[in-house]
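Read through the structure below, which is laid out as structure tokens, and then see the notes.
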Amino acid sequence: MTAAPIVEIRDLRKVYSRMRKDDVVAVERLDLTLGTPGTVHGFLGPNGSGKTTTIRCLLGLIRPTSGAVRVFGVDSTTSFHLAAPRVGAMVENPKMFPNFSGRRNLSLLADMAGIAKSEVDRVLSIVGLSERDGDSFESYSLGMKQRLAIAAALLKNPELLILDEPANGLDPAGIAEMRILIRSIAEEGKAVLVSSHQLAEIEQVCDDVTIIHQGNLIESGTLDQIRRHAGADNVVVEIENRDAAITVLAAAGVQARPRPAERELVVDVDADRSSDVTRILAEGGMYLQGLYAERATLEAAFLNLTGAAPPPPTAPPGDSAQNDADYIADDTASGQTGTGVAS
Amino acid sequence: MTRFFPAVLSLLIIGGLVIAYFVISNDDGDGPDFVGDIAGGVEATDLLSPIAFLIPVMAFVIGASSIGADLKSGMVEQILTWEPRRLRFLAARCVAGFIGAALAAIFVSVVYVAGTFVLAAVTGTTSGTTGELWGNIAVAVVRSGAASGLFAIFGIGITVLVNSSVASIVGFVIYFFIIENLFQVFLPKISTFLPVTNTSAFAAGIDVQRIEGSAFDENVELIVSHGYLTAGVILAAYTIGSTIVSGVLFRQRDIA
């Protein structure tokens, strides 16, 4: 007998009815399967794309208009209580009793589930709140509140951890800690579902990704499969005489474009052909000051798939409008992953 | 709640003593004469009826607050990921609300009764009081607690229906001070079946009365509609009704 998938969503549709206003379709025909323990699954989408609605459906907090939502083979809409002991979740903003201390909030939840008090100490220690456990929840910073909510999600020692925008409100150090925490949880053999619109974070922590947009499933697969939608990798060259270098490369049949940075140009070749670039330029009497590979990023893939607008350019003074346009296209299609190949 | 507990306790004590003072020191020539004395012949119901009006207000606020804290903080969402069976969650809140409101009503009643006896002893006499009176007072105090507990559950039901403790408390205050009084004046027959009237009557152990004829006549005649036990049944019906309706709604509602 095959074990049920950890999460199985089939044809999920959720429509919010509003008085005297048009209905809002939050999720439209969504399919999602999460079946492998020990993996981190990224659930991506722009704000308002239906991520949180889907998670709420998974947790039995809202009723789907149609479709099936199962967690560990249990119908979330009618019988989530059978799966609840195996699921830890943090949904959207941290929600706790404001006048209670962090420890008291966790103790209250632990008492409800018959969890030993020592577990409260354990999870407070994991999220780094042991020193401030006696302070009231309302006195916490947003990042601390976020960490306490994650501690609450970990309290059950769940087989499935669902984190909705876990990096919200965290400083860079906190985000890095969160990344390590999520990976360590997955390494313990647990499945983690992380929703986010912070793509760089997801890219560093996830094994698989599902992208939704306007309530529709756009793409689902491994990170490498998703990144293919971003286009090819590039090589970036730093060189003194950029225009001459473009001409030399073009003569050798290699396309190159200027970047906003004064001495940079993007060469349209795969990273494993960077030696060809150095050879062509050297044969043309030109020597590199630097060279690095730019890999296709999840962000670029995401923007391509969702059709979202790229971030605004930060053009340096003196560059042409055409260069700016090139930069935008390039920046959304690739990201720097390595540095420093000296010429 | 812990932070506010001393303040709430102080408020209950002060409230009980203030009402006791006014009851003992005021002689409006109507009803039993408490001026300075709690002498023989005083009934427990007469003694406790002045604070019966307080019971529905206090109970409703306690009931609404007990579940309002979950709704306002959003903790209900967190709790439902731990205990998704919503009716269990609601039942737990009803039990807590009942116990809290009942204890508060009993406490304030005891403070009030103690206050009246001390004031009577200081300013007049308590001679002639019997053990039977104390027994009747004890029964009345327990009945106040039960009335308070039931009305707190009614308050929880209304708060779940409107999904906000602030909205339900504000709405109740308006209802308590205006709407139910309008019913008593303009629709007296209906007013005898309204929740606050019946809760107060059950808590005090007195009959529910209504105005016969016009409230604007010079000599208004009051006639008995039903006794306090029937009032208790009506209160229980309101409690059960609001609990069923709120339970059905809460079970179906999206928590978002």
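General remarks:
- Treating r as the C-beta distance of B:Val248 and A:Gln289 and R0 as 41 Å, the FRET efficiency rounds to 0.05.
- Nearest-ten-degree value, helix B:228-252 long axis tilted from longest Cα axis of chain B: 10 degrees
- Computed over the alpha carbons of the protein assembly as shown, Rg followed by Dmax gives 34.6, 122 Å.
- Between B:Ala256 and B:Ile190, the FRET efficiency estimated from the beta carbon spacing at R0 = 41 angstrom works out to 0.60.
- Label point distance in nm, B:Glu212-A:Arg122, each placed 7 Å from Cα along Cα→Cβ: 7.4 nm
- Cα centroid of the stretch B:56-100 to Cα centroid of the stretch A:121-166, whole Å: 23 Å
- Nitroxide proxy distance, nm - points 7 Å out along Cα→Cβ at B:Trp134 and A:Leu142: 6.3 nm
- Here r is the Cβ-Cβ distance between A:Ala261 and A:Asp171 and R0 is 25 Å; the resulting FRET efficiency, rounded to 0.05, is 0.30.
- Under-5 Å amide H pairs with A:Ile62, H placed in peptide plane, nonlocal only: A:Cys57, B:Ile255
- In the stretch B:148-231, the GluC sites (Glu not before Pro) that fall in loop regions by DSSP, at most 11 other Cβ within 10 Å: B:Glu218
- Whether the stretch B:158-256 is rounded, prolate or oblate, judged on the alpha carbon gyration tensor where a/c under 1.5 counts as rounded: prolate
- Taking all Cα pairs closer than 8 Å and separated by 6 or more residues, the relative contact order of the stretch B:5-252 comes to 26 percent.
- When B:Thr197, B:Thr130 are compared by accessible surface with a 1.4 Å probe, the order from highest to lowest is B:Thr130, B:Thr197.
- Over every Cα atom in chain B, the radius of gyration and the widest Cα-Cα span, Dmax, amount to 19.7, 62 Å.
- Cα-centre dipole for the stretch A:232-294 with unit charges at Cβ (Lys and Arg positive, Asp and Glu negative), debye to 20: 140 debye
- Nearest 10 degrees, 0 to 90: helix A:102-113 Cα axis against chain A principal axis: 60 degrees
- Peptide ranges B:166-175, B:63-72, A:62-71 listed from the most packed, as the mean C-beta count within 10 angstrom indicates: B:63-72, A:62-71, B:166-175
- Distance between modelled label sites at A:Arg29 and A:Arg13, nm, 7 Å Cα→Cβ extension: 0.9 nm
- Principal semi-axes of the equivalent ellipsoid, √(5λ) from the alpha carbon gyration tensor of chain A, are 45, 23, 19 Å from largest down.
- Tensor-based shape of the stretch A:233-288 (alpha-carbon gyration tensor, a/c under 1.5 rounded, otherwise prolate or oblate): rounded
- Apportionment of accessible area to carbon and sulfur, chain A, percent (1.4 Å): 49 percent
- Area accessible to solvent at A:Ser274, 1.4 Å probe radius, in Å²: 30 Å²
The values are calculated or read from the model by the stated rules, or taken from the named source; none is laboratory data. Everything numeric in this text was worked out from a predicted model, so none of it was measured. All Cβ positions, even for glycine, are placed from backbone atoms using ideal geometry, and neighbour counts span all protein chains on display. Surface accessibility is based on the protein's heavy atoms, side chains included, excluding ligands, DNA and RNA. Shrake-Rupley method; radii C 1.70, N 1.55, O 1.52, S 1.80 Å.
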